[in-house]
Amino acid sequence: MGIRSKLIAFTVGIAVLAAVVFDGYVVQTLGAELGEHTEADLAARTALVTEAVARTGDLEAEAPALAAALAERAGARVTLIDPRGAVRGDSSVAPEQLDALEDHASRREVADALNLGVGRGERVSKTTGMRMLYAARRLDRPDGPWIVRLAFEPVAMDRSLSAAHRRVVEGTLLALALAIGAALVGSRALSDRLLYLTEVARAMRGDLSRRARVQGADEVAALGGALDELAESLVRSRRELGGEGERFGAVLEAMREGVLVTDERGDIVLVNPALSQLLGVRRDAVGRPPLEVLRSASLHELIEEVSIARAPATREIEIAPAALGAAGPPGRRQLVVNAAPLAIPAQGRGAVGVVAVFFDVTELRRIEGLQRNFIANASHELRTPVATIRASSETLLGGALDDPAASRDFVEVIDRNATRLHRLVNDLLDLSRIEGGERRLSPGTLDVAEQTEAAVALLRGRAREKRTTLHVDVAPGTLVAADPRALDQVLTNLIDNAIQHTPDGSRVTLRAMASSGRVVVEVEDDGPGIPAEHQARVFERFYRVDAGRSRATGGTGLGLSIAKHLVEAMSGDISVTTGASGGALFRLTLPLGKAGAGRAAELRHGRAQLERA
Ligand code: ADP
């Protein structure tokens, strides 16, 4: 039932109730008043009639005629009752029928009048069959108390009452019609406004910027105002929540550490992009247990432990490549996982969610391993010459000094090993300076032809010893951006290696050319070359294809490692392949030198020389 129907029903109900009450009240009061008035009137008329009757001499004889005459004048039925209770005259009964009337002494008004002097009554008359009002008076006469009774049929009064009743009903109907009309109009306005508010509230679900803006100061306007305030506060909280959510999301997106969150059931609820990338976790991981997604028993145990103990824990785990999907990065990842319980307020007691932060320490652990290896290798490299020196010096001190021929041999051994130690320590220092960034390179524009020529000139003596021929094939004017000392060190090392690791009478060729914005320098020999499986590793520290041979020829195993560091520090790269003749072919690529810069450098150089001269 709509509010309009209710309002109309209510109005109609009120109107009908008011009409009934009003009608009852009016008819009642009016009836009572009219009744009182009529009764008083009847009593007065009875008194007058009684006076007239009192003046009559022979009442018994004149009663019938007197009754008729007085009735005419009093405008009421007049009954005269003798002391025995018999009716002696009645204006409504013919005199000859009077004897048939019953004894009237028992009538209430008659009995009252006999006792009290006056009496009244109201009933349907047995004689006339109408509703009658009665008034009686006692008239004391010598023969005893007569009763003068007047009866009045209150038709006028009844008519007035029913007229009043009719008016009330008519008035009620009119008022009802007016009330319904007013209710219709009033409820229409009210229900229209309420319908409008309902429509606005519904629209707010989709568009929180909608406002009711109801004018006025009544309850509907207040409801509209409350609705607008509600929307306003919703907008505010949505903005705050949104802002917080966005910030949280942005933090998770930006984090370089992987983040995994599980709920109280132990299922994944969140994986940030860093973790997805790190472990190749796909989007559909959400809702599944971490064990199923990452297949790491250690991680599963860690999450269980934190969830049950409700205390943070850290563990280093390794996730095997088999656990990673096709999208995952290759290789085993070494991860430090910090897991902490995540209290979810709504969940109450029992198991809790866990937030796990993953730090990828694969590279760190690899470097640590390299360092450990390096220290072991370096110690090993140092131990041999030191042990040899010690053994030789002990032998000398133990008596060999006295044998001049033997002592010379031992001193030579000591000298060779000391030289080797010296070279090793120098190379190690060099390496650590380059790696630690202590050795600053200042690349300038250099002429490759000049650089190669200088390096070759330095090693020509050693080449001659091994009957190695050195060929240089560099176009003059090929400019490279490099640090002169570093480039010299690299070239010397490559040429020295080519002489060292090839049989006598070999041939070493140096080439340089500019190619697509870079300068490519090649050092190729026709020796045994480096087997493919060793080619990538010869640049590692202490890595040698044949350690014994390298040591015997005085190599430290650090030359190529230093060369690689230097080349990379000059924004270049170095690699080795097998040349056409089967020998080793080292190729280094460096940035092209700027022609202008080269000429400027030459000019500066020339001016400096002139000044000195
Ligand atoms: P080393 O002091 O032993 O020469 P390097 O780092 O310079 O150390 O070289 C590492 C290893 O690479 C050498 O021990 C050798 O086995 C191999 N190698 C380097 N250059 C050549 C080459 N031109 N021909 C064959 N093998 C080479």
Which distance in nm do the two modelled labels at LEU116 and GLU96 give, with both placed 7 Å along the Cα-to-Cβ direction? 4.0 nm
Place a point 7 Å from the Cα of LYS594 in the direction of its beta carbon; the residues of region 412-444 whose amide N falls under 12 Å from it are 444
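Just to confirm the filter: which trypsin sites (Lys or Arg not before Pro) across region 1-105 are DSSP coil and have at most 14 other Cβ within 10 angstrom of their Cβ?
ARG55, ARG84
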For LYS564, the lysines lying under 29 Å Cα to Cα, once residues fewer than eight places off in the same chain are dropped, come out as LYS466, LYS594
Mean Kyte-Doolittle of at least -0.5 plus a Cα span of 24 Å or more along the axis: flag which DSSP H helices in the chain meet both, please. 3-54, 155-206, 219-254, 362-397, 404-435, 448-465
With a cut-off of 18 Å, note down the residues of region 1-26 whose backbone N falls inside the zone around a label point 7 Å from the Cα of LEU223 toward its beta carbon. 1-11
Each label sits 7 Å from Cα toward the beta-carbon; between THR384 and LEU458 the label points are separated, in nm, by 2.5 nm
How much FRET efficiency would the formula 1/(1 + (r/R0)^6) give for ARG282 and ASP546, where r is the Cβ-Cβ distance and R0 is 56 Å, rounded to 0.05? 0.70
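With r defined as the distance between the Cβ atoms of TYR25 and LEU184 and R0 fixed at 35 Å, what FRET efficiency is calculated, to the nearest 0.05?
0.80
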If the chain between VAL425 and ARG310 were fully stretched, how many nm would it gain, using 0.36 nm times the residue separation less the Cα-Cα distance? 36.0 nm
Value of relative contact order over region 337-421, rounded to a whole percent, pairs C-alpha under 8 Å and six or more apart: 23 percent
For the chain, the longest site-free run once GluC sites (Glu not before Pro) in DSSP loop states with at most 13 other Cβ atoms within 10 Å are removed: 103-437
Give me the aspartates and glutamates in straight-line cross-link reach of LYS126: C-alpha distance below 17 Å, same-chain residues under 8 apart excluded. ASP90, ASP99, GLU102, ASP103, GLU109, GLU153
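Given a Förster distance of 45 Å, report the FRET efficiency between ALA156 and PHE10 from their Cβ-Cβ distance, rounded to the nearest 0.05. Can you show the working numbers first?
On the way: r = 40 Å, r/R0 = 0.89.
Between ALA156 and PHE10 the formula returns 0.65.
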Return the loop-located trypsin sites (Lys or Arg not before Pro) in region 512-603 (DSSP other than H, G, I, E, B) with at most 16 other Cβ atoms within 10 Å of their own Cβ; answer none if there are none. ARG537, LYS594
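The numbers here are math on the coordinates, done by the rules we state, and not lab data. Since this is a predicted model, take the numbers as computed values, not measurements. A quick note on method: Cβ atoms are made from the backbone with ideal geometry, for glycine too, and the neighbour counts reach across all protein chains shown.
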